[in-house]
Amino acid sequence: MTSPVSRGFHRRSRPAAGEAGKLPPGQHVTGDFPVLSFGPTPHTPLQEWSFTIRRGGQALRTWSWPEFVALPAETVTADIHCVTRWSKLGTLWSGVPVSFLLDQVEHDAQFVLAFSDGGYTTNLPVGDVSGGQAWVASSYEGKPLPAEHGGPARLLVPHLYFWKSAKWVRGLELLDQDMPGFWENYGYHNYGDPWREQRYAGD
């Protein structure tokens with residue numbers, strides 16, 4: 001049976017001087033950017049793309065692609081850490097802060113569920129996507145984000161394991177109570193702090 005997860009090549013390398021303190025326990029540095037996805041890569045035409053904040057399944061605010069890329073964006077340099085134990089240091093992104101997007105609607109939600117093309121979801125506390133901790137990124141290393149890495153836009157939450165940075169993201173569902181997403185329902189940790197090695201439920 002074919003695995004639903006597509007794996008990209010990556011090689012292990014030892015951390016250079018000064019890098020060791022940037023690596024969470026159990027991680028190794030890669031110079032590549034491995035591709036690890038559930039299912040096939042979506043290719044949504046930009047004229048059909050939109051980003052929506054919704055609650056109870058009802059849209060509160062929606063941006064088309066031209067509207068979205070016109071929003072205030074920030075340049076972010078971040079280390080990213082995959083649950084499969086690779087880390088890539090000093091990655092460069094550009095994206096709209098999630099806190100800005102959430103400020104465009106009135107809400108008192110405590111959690112969000114990110115949803116993506118292809119049916120992928122992942123859950124996050126609002127406190128972890130606010131205050132300059134998360135972005136909807138459309139650029140990587142100064143270029144449009146490639147589809148294999150989640151383009152045209154992906155969630156970027158670098159302080160958590162990278163499965164929380166949902167590829168091909170299309171919106172956020174506001175929640176009063178936490179609701180596990182795709183991998184969380186399959187036994188991944190509900191929160192996913194790499195510094196505490198929260199890879200799987202019970203960690």
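Which condition does Pro34 not pass, out of (1) surrounded by fewer than 18 Cβ atoms within 10 Å (Cβ to Cβ); (2) under 16 Å from the mean Cα position of the chain (by Cα); (3) modelled with pLDDT of 95 or more, if it passes all the others?
Answer for Pro34: the failing condition is (3).
Would you mind listing the strands (runs of 3 or more DSSP E) fully within region 98-203 where at least 3 residues are within 11 Å of the chain's Cα centre (by Cα) and at pLDDT 95 or above?
Strands (runs of 3 or more DSSP E) meeting the threshold: 111-116, 121-125, 135-140, 154-156.
Name the one entry in Thr91, Thr62, Thr75 that is touching a Leu at 6+ places or on another chain (Cβ under 8 Å) and in contact (Cβ under 8 Å) with a residue 12 or more places away in the chain.
Result: Thr75 is the single residue among Thr91, Thr62, Thr75 that is touching a Leu at 6+ places or on another chain (Cβ under 8 Å) and in contact (Cβ under 8 Å) with a residue 12 or more places away in the chain.
Consider Ser64 against the criteria (1) in contact with a Ser or Thr (Cβ under 6 Å, 6 or more places away or on another chain); (2) buried (at least 17 other Cβ atoms within 10 Å of the Cβ): it satisfies all of them except one. Which criterion is unmet?
The failed condition is (2).
Among the residues of region 97-112, what is the count of those that are touching a Pro at 6+ places or on another chain (Cβ under 9 Å) and surrounded by 18 or more Cβ atoms within 10 Å (Cβ to Cβ)?
3
The values are calculated or read from the model by the stated rules, or taken from the named source; none is laboratory data. Model, not experiment: these values are computed from the prediction. Neighbour counts run over all protein chains shown; Cβ positions are idealised from the backbone, glycine included.
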